[in-house]
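See structure below.
The values are calculated or read from the model by the stated rules, or taken from the named source; none is laboratory data. As the structure is a computational prediction, the values presented were derived from the model and not from experiment. Here Cβ is always computed from backbone atoms with ideal geometry, including for glycine, and neighbour counts include all displayed protein chains. With ligands, DNA and RNA removed, areas are computed over all heavy atoms of the protein, side chains included. Shrake-Rupley method; radii C 1.70, N 1.55, O 1.52, S 1.80 Å.
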Protein chains: 2
Amino acid sequence: MVLLDKIKNKLRFNYRKKRWPGLIEAYKQYLPVTKKTPIISLNEGNTPLILSELISNLIGNGTKVFLKYDGLNPTGSFKDRGMTMAISKAKEEGREAVICASTGNTSAAAAAYASRGGLKPYVLIPEGFVAQGKLAQALMYGAEIISINGNFDKALEIVRDLSSEHPVELVNSVNPYRIQGQKTAAFEIVDDLGYAPDWLCIPMGNAGNITAYWMGFKEYSKIKKNLKLPIMMGFQSEGSAPLVKNIIVKDPETIATAIRIGNPVNREKAKKVRKESKGDFQSVTDKEIIDAYKILAKEGVFCEPASAASVAGLIKNKNRIQKESTIVCVLTGNGLKDPDCAIKNNDAIFRKNIEPSLKNITKILGY
Amino acid sequence: MVLLDKIKNKLRFNYRKKRWPGLIEAYKQYLPVTKKTPIISLNEGNTPLILSELISNLIGNGTKVFLKYDGLNPTGSFKDRGMTMAISKAKEEGREAVICASTGNTSAAAAAYASRGGLKPYVLIPEGFVAQGKLAQALMYGAEIISINGNFDKALEIVRDLSSEHPVELVNSVNPYRIQGQKTAAFEIVDDLGYAPDWLCIPMGNAGNITAYWMGFKEYSKIKKNLKLPIMMGFQSEGSAPLVKNIIVKDPETIATAIRIGNPVNREKAKKVRKESKGDFQSVTDKEIIDAYKILAKEGVFCEPASAASVAGLIKNKNRIQKESTIVCVLTGNGLKDPDCAIKNNDAIFRKNIEPSLKNITKILGY
């Protein structure tokens, strides 16, 4: 019994049992990998689940709102979860190069993991449509960047055609391994809470992430008895809402560039998620997104505008939420990816060119 | 024995025993907090320890080099570790406002934690010397920013005087709670490895972090029997090396802005660390820093230039390292904090204005 007590004690007090090895190693029994798979990892995943008292109080009625801050992945977005899988499998299959079309987060993740694994990353970007932080990343991580005179859809068309004819692996979200990696975020939420939330609020662009989370919750429910599945709430920007409106949007427009996608690859899968989970797809305006972006920052969580769509959507549904619900809002990317947006959209008091005297500054502080 | 097996099994396979609660809650028995302390946390800490095969191979001789990537803290730097402590204690003491002088990382962390805790953050910055990402953060997190016509030293002088006369808490690194929080990074490294590294390589600005790590290793060695303490290697930029040269540098100059400090607050403490650990202080050039910054990015780890000083320093000491050493390099900040530096300093191939035809792109890829 001494040993038993010792182990119990360890379980109780030590939060860091061992070094987090990255999500493939941690969840390998749930992933399509074998002992032969060369795991290319940056110890991604294991991101914090942050309680937001501010947003919980905004919703009221005993609701607890948690933020799954996936912007703290190694390259600053949830894309790392899928990319560790996609690149590991590409390497296992003997590929020497990978390619993607991207407006940012995918290219950063692809470049980082490919370079780490010794594969050559090619990235097609639409000229002039990539946030500064994301461009900086792709450049640093060693991608060969090809900036085309065309939009994202054109870039995707080219990389799809090219990868079907040549031995370069396509790592856009059509790559099936991406969703496999991404589903681990749902595992982490259940591991952290001990149960699944009542609602999961998530931004939708290509709708790969909502598909992945649902897959994760469902798979875990087979292993963890009595796991009640969440209602899946997907949010899009009003100017880029092909799933909400069930159309193709020719020229999607929104400040939330990471979800500015007019014809989502995972349309049918996402509709199935909505049906199975008794969820809903709704749109939020750019103003609502920016309001939520500011609320989150006041809570100390700086995310991309696209990420804030999940919180903007939650706030809109305030009156539909049952008493004492637990809600998780997924924050997909780090705010540092797009500093321009922050500099243009904030309520800070910024006093410039102040004479540096004690008297002067004391007066400003009102003492 | 069935229960024992069950627990053992859990210890073995489940990496995420429970939700990471932030570093104060996780390590409270080692920190100056009581049950009355209102903990202001963003679930900081628990950052990945990434094995770098590339740098391990560069050093050779069976060396294992790990990167403690503290740029994955909530506001993107190690400052969060100290700030969760400083703000929690300020709140416990009934403060309603905090102030700091900063060129970036401190102001971001101070603003985030203060806002989260309901305290008003004031930030004094030297006009024109703050990287874009860091400025974006302070603005978003809700700081009142006062940009002065003067340098960092002047700003620090004013906030020290002001906080000694008025009820506004100073949260610069002179605040003693900062180091208490920062020491937890050493705990995490020991928890992860099961032992302390042979060398710890770390950038030095104000030298608070090297002091904190040493404090952490020493405190843990009292609890964990047979813990061999590391040799502490502190690195500064050649143009800003007051500790290496044992002087005050009037006009420090380096690309590594986060360690551009001419007269470190923790000078005497750092010298004691060097002596006790049989360590060394050395300088690296801006070119060596940028070379290391690029090597790290090729490994998939994008850090601030200042962070890369630890790796630049390690590389310089290649021939001094004993066979089969374990080395940890501390990466203090996220590369996204300073996108301009990345855009100006990279070796990427960036092809612009490319006509978007399959033929054209195929040719570029060499197929």
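Looking at the structure I just gave you, is B:LEU58 out of contact with any Gly (no Cβ under 9 Å at 6 or more places or on another chain), more than 9 Å from chain A (Cβ to nearest Cβ), crowded, with 24+ Cβ neighbours inside 10 Å and modelled with pLDDT of 95 or more? Here the answer is no, as B:LEU58 does not meet what is asked. Applying the criterion of at least 1 residues that are open to solvent by 10 Å² or more (accessible area, probe 1.4 Å) and touching a strand residue (DSSP E or B) at 6+ places or on another chain (Cβ under 7 Å) to the helices (runs of 4 or more DSSP H) found wholly in region A:268-367 leaves A:286-298, A:305-316, A:358-365. For region B:93-139, filtering for residues that are more than 7 Å from chain A (Cβ to nearest Cβ) and among the hydroxyl-bearing types (Ser, Thr, Tyr) leaves 4. Give the residue that is nearest to B:ILE261 (Cα to Cα), with candidates limited to residues of region B:166-177 that are open to solvent by 20 Å² or more (accessible area, probe 1.4 Å) and out of contact with any Ser or Thr (no Cβ under 9 Å at 6 or more places or on another chain). Across region B:166-177, the extreme among qualifying residues is B:VAL174. Looking only at residues in region A:36-53 that are among the aliphatic types (A, V, I, L, M) and either more than 9 Å from chain B (Cβ to nearest Cβ) or closer than 16 Å to B:TYR113 by Cα (or both), the one that is surrounded by the most Cβ atoms within 10 Å (Cβ to Cβ) is A:ILE50. Take the conditions modelled with pLDDT under 95 and touching a Leu at 6+ places or on another chain (Cβ under 9 Å) and apply them to B:GLU96. Does it pass? For B:GLU96, the condition - modelled with pLDDT under 95 and touching a Leu at 6+ places or on another chain (Cβ under 9 Å) - is not met.
Looking across region B:323-367, just one residue is within 10 Å of chain A (Cβ to nearest Cβ), among the small types (Gly, Ala, Ser) and closer than 25 Å to B:MET232 by Cβ, and that is B:GLY335.
Taken over region B:336-360, the residue count meeting the criterion of being touching a Ser or Thr at 6+ places or on another chain (Cβ under 8 Å) and not polar (S, T, N, Q) is 6.
Conditions (1) under 17 Å from B:GLY313 (Cα atoms); (2) within 14 Å of chain A (Cβ to nearest Cβ); (3) among the small types (Gly, Ala, Ser), marked per residue:
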| site | (1), (2), (3) |
| --- | --- |
| B:ASP191 | no, yes, no |
| B:ASN209 | yes, no, no |
| B:TYR220 | no, yes, no |
| B:LEU229 | no, no, no |
| B:PRO242 | yes, no, no |
| B:ASN246 | no, no, no |
| B:LYS250 | no, no, no |
| B:THR254 | yes, no, no |
| B:GLU276 | no, no, no |
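Does at least one position in region B:229-246 carry a residue that is open to solvent by 20 Å² or more (accessible area, probe 1.4 Å), at pLDDT below 95 and on the phi < 0 side of the Ramachandran plot? No, region B:229-246 has no match at all.
Figure legend. Inter-residue proximity from region A:278-294: first residues of a type in the set (S, T, N, Q), second residues assigned to a helix (DSSP H, G or I), beta-carbon distance below 7 Å, spacing 6+ or different chains. Indicated pairs: A:GLN282/A:VAL244; A:GLN282/A:GLY313; A:GLN282/A:LYS316; A:SER283/A:VAL244. Taken over region A:106-131, the residue count meeting the criterion of being of a type in the set (S, T, N, Q) and within 14 Å of A:ALA258 (Cβ to Cβ) is 2. Could you please let me know if B:TYR213 is in the same structural domain as B:GLU324 (by the TED database), within 18 Å of B:ILE327 (Cβ to Cβ) and crowded, with 22+ Cβ neighbours inside 10 Å? Here the answer is yes, as B:TYR213 does meet what is asked. Against the numbered list (1) open to solvent by 20 Å² or more (accessible area, probe 1.4 Å); (2) under 25 Å from A:LYS337 (Cα atoms); (3) within 9 Å of chain A (Cβ to nearest Cβ); (4) of a type in the set (A, V, I, L, M, F, W, C), B:PHE78 comes up short only at (3). Taking (1) within 30 Å of A:PRO21 (Cβ to Cβ); (2) under 21 Å from the mean Cα position of the chain (by Cα) in turn, B:GLY194 satisfies each apart from (2).
Go through A:LYS183, A:LYS222, A:LYS218 for me and flag whichever is open to solvent by 10 Å² or more (accessible area, probe 1.4 Å) and under 18 Å from A:ILE327 (Cα atoms). Just one listed residue meets the conditions, A:LYS218.
For A:LEU193, the conditions (1) open to solvent by 10 Å² or more (accessible area, probe 1.4 Å); (2) of a type outside the set (Gly, Ala, Ser); (3) closer than 16 Å to A:GLU44 by Cα are fulfilled apart from (3).
Do the conditions hold for A:GLY262, that is, is it open to solvent by less than 10 Å² (accessible area, probe 1.4 Å), of a type outside the set (Phe, Trp, Tyr) and at pLDDT below 95? In short, yes.
Condition check for A:ALA258 on (1) touching a residue at least 40 places away in the same chain (Cβ under 8 Å); (2) outside any helix (DSSP H, G or I): one failure, at (2). Taken over region A:140-172, the criterion of being facing chain B (nearest Cβ under 8 Å), among the hydroxyl-bearing types (Ser, Thr, Tyr) and touching an Asp or Glu at 6+ places or on another chain (Cβ under 7 Å) is satisfied by A:SER147 alone.
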